[in-house]
Amino acid sequence: MADRVTVIGWDGSPLTAAARAALGAATLVAGAAHHLALPEVPAGAERIRLGSVALAARRIAAHRGTAVVLADGDPGFFGVVRTLRAPEFGLEVEVVPAVSSVAAAFARAGMPWDDAQVVVAHRRTLRRAVNVCRAHTKVAVLTSPGAGPAELGLLLEGVHRTFVICEELGTGHERVSVVTSEKAADHTWRDPNVVIVLGGPVGTAGETGGWIAGRDPSAGPRGWSLPAEAYGGDLGEGETQLLRASQLARLGPRIGDLVWDIGCGSGAFAVDAARAGAAVIAVDSDRAACARTDAAARRLGVQLQIVHGTAPHVLENLPEPDVVRVAGGGAAVVSAVADRRPQRIVTHAVTRDAAELVGRDLTEHGYGVECALLQSVELDTRAWTEKERSVAFLLSGVLPRRSA
């Protein structure tokens, strides 16, 4: 095993004294091509071109001597330190950090970033990274080949965002460009790059700043299923708070998910799902319902994409969902949604026969089905008399576990 392993972050500025000392004593140096070309790398040291960090870690573990790993930015922030410290390699590392590429990107843009979401996009996580960009007003995306600004722009079709694209930060070829998401696919971008994705009204934390990095969970009213009063009063048939809370509980929308809300009505479910951090596409055939949903989203400060049209036909060109609520359209729409294979589907029915029809269809599509009869009675607490009674069959379908 290597006698000593030092991980050095590099942001284009001169190396610190500690970094130069570690490099000067190195018998093995691992890094990208531009790292290995640094003049401080000893001529006699073994050099490893850093492609797979896991393969490099195995070679470092077998090395007899002093090893240095060079990485861009802060290697402890979505960097190589996590892999090097994995138990299977048995490496103890010392870290000499530099300014992270995310911090550098926001500095070039002249913007604060304590209120930003930060995601990593590669081929496996690109769709989830895009969903975060749909749902939040300020996101930094650490890209990779095949999951860069052009791909982000293409997958954000229908959602306007502004991209601040920072290419090759810290090098002599550094370039910062500001384009709309629609134009990002028209260019070829140099790796590595960081994309700051901006869209919608950016909230302010006040003169003293915020108290937590990223999305402030205390923003907006407390509660993950808001009462009807938050959405203008009477929500219409099938829109009771108990039913909506149960639907949210079955779906469990979260950051990185894309939720379809088909038959969005008042917008209550769509907004509640967006308040959980998920990206939401709200669909309705009624323009008035789309307008109410848009107004509710603006009032409560969440990002939604609203699509006017009739399901199931309007669903054909929508991006792939993770979880879906079907509030309108019945068994035909549920069947069309199941063809798209979201991980979870939830709907409700007024009669047992209708519930059985939907349940059989979900079962035939390979979903595990649960059904519960929900009955709620709202009481007037001034006189403790009954105000409103609601009964519905709640159905949910869950696919066997799949990777994100």
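No value in this document is a laboratory result; all are computed from the given coordinates. Note that this is a predicted model, so its numbers are computed, not measured. Here Cβ is always computed from backbone atoms with ideal geometry, including for glycine, and neighbour counts include all displayed protein chains.
Determine, at each q value in 0.08, 0.11, 0.14 (inverse angstroms), the log₁₀ of I(q)/I(0) that the Debye formula gives when each Cα of the chain is one equal point scatterer.
Values, matching the q order: -0.55, -0.88, -1.16.
Regarding region 240-332, what are the three Cα extents along the principal axes, ordered largest first, in Å?
28, 25, 25
Quick one: length gained pulling residue 120 to residue 375 fully straight, 0.36 nm per residue minus the C-alpha distance?
Extra length available between residue 120 and residue 375 comes to 87.4 nm.
Compute the projected area of the convex hull of the Cα atoms of region 45-164, averaged over all viewing directions, and report it in nm² to one decimal place.
8.9
Please say if region 309-353 is rounded, prolate or oblate, where rounded means a/c under 1.5 for a ≥ b ≥ c the square roots of the C-alpha gyration tensor eigenvalues, and otherwise the choice is prolate for a/b larger than b/c and oblate otherwise?
Oblate is the answer for region 309-353, as a/c is 1.5 or above yet b/c matches or exceeds a/b.
Only four residue types carry charge here, +1 at the Cβ of Lys and Arg and -1 at the Cβ of Asp and Glu. Report the dipole size of region 117-168 about the Cα centre in Debye, rounded to the nearest 20.
Computed charge dipole of region 117-168: roughly 300 debye.
Once Rh for region 95-250 is found with the Kirkwood sum over Cα pairs, what is the Stokes-Einstein diffusion coefficient at 4 °C and 1.567 mPa s, in µm²/s?
74
Using +1 on the beta carbon of Lys and Arg, -1 on that of Asp and Glu, and nothing else charged, what's the dipole of region 42-97 about the Cα centre, debye to 20?
Dipole about the Cα centre, nearest 20: 240 debye.
Convex hull over the alpha-carbon atoms of region 20-73: what's its volume per residue in Å³?
Per-residue hull volume (Cα only) is 75 Å³.
Can you give the extra length, in nm with one decimal, that the chain gains between residue 317 and residue 171 once fully stretched, where that is 0.36 nm per residue apart less the Cα-Cα distance?
So the chain would gain 48.5 nm between residue 317 and residue 171.
Give me the distance in nm between label points sitting 7 Å out from Cα along the Cα-to-Cβ direction at residue 360 and residue 52, one decimal.
5.1
Work out, step by step, the length gained on full extension between residue 389 and residue 187: first 0.36 nm times the residue separation, then minus their alpha carbon distance; give nm to one decimal.
Between residue 389 and residue 187, full extension yields 67.0 nm more.
Test of the criteria: in region 1-94, which trypsin sites (Lys or Arg not before Pro) are in a DSSP loop and have at most 10 other Cβ atoms within 10 angstrom of their Cβ?
Loop-located and lightly packed - 64.
I'd like to know which of 145, 105, 27 lies farthest towards the positive end of the charge dipole of the chain, counting +1 on Cβ of Lys and Arg and -1 on Cβ of Asp and Glu.
Projecting each Cα onto the dipole axis, the largest value belongs to 27.
Considering Cα pairs under 8 angstrom that are at least six residues apart, work out the relative contact order of region 167-299 and quote it in whole percent.
Relative contact order of region 167-299: 16 percent.
What Kirkwood Rh does region 163-302 have if only Cα atoms enter the pairwise 1/r average? Answer in Å.
17.6
Return, for the Cα atoms of region 341-380, the radius of gyration and Dmax in Å, separated by a comma.
Rg and Dmax of region 341-380, Cα atoms, are 12.7, 43 Å.
When only C-alpha pairs under 8 Å and at least 6 residues apart count, what is the relative contact order of the chain, in percent?
Relative contact order, the chain: 11 percent.
Helix 330-339: angle to the longest alpha-carbon principal axis of the chain, degrees 0 to 90, nearest 10?
The angle comes out at about 20 degrees.
Using the crude model of +1 on Lys and Arg Cβ and -1 on Asp and Glu Cβ, and no other charge, please compute the dipole size for the chain relative to its Cα centre, in debye to 20.
840
Tell me, what is the FRET efficiency for residue 17 and residue 224 to the nearest 0.05, using R0 = 51 angstrom and their Cβ-Cβ distance as r?
Computed FRET efficiency for residue 17 and residue 224: 0.50.
Could you work out how far apart the two model spin labels at residue 88 and residue 299 are, taking each label as a point 7 Å from the Cα in the direction of the beta carbon, and quote it in nm?
With each label placed 7 Å out from Cα toward Cβ, I get 5.3 nm.
Just add up the charged neighbours of residue 335: K/R +1, D/E -1, any other residue whose Cβ is under 12 Å from the Cβ of residue 335.
Around residue 335, the charge tally is -1.
Less than 10 Å Cβ to Cβ from residue 57, Lys/Arg counted +1 and Asp/Glu -1: what total charge do the surrounding residues give?
Neighbour charge sum, excluding residue 57 itself: +2.
Using only the Cα atoms, what convex hull volume per residue in Å³ does region 1-99 have?
Enclosed volume per residue, from the Cα hull, is 82 Å³.
What is the sum of charges around residue 166, taking Lys and Arg as +1, Asp and Glu as -1, for the other residues whose C-beta is under 9 Å from the C-beta of residue 166?
Spelling it out: positives minus negatives among the neighbours equals -1.
Under 20 °C and 1.002 mPa s, how fast does region 263-381 diffuse according to Stokes-Einstein, given a Kirkwood radius computed over C-alpha pairs? Answer in µm²/s, whole number.
140
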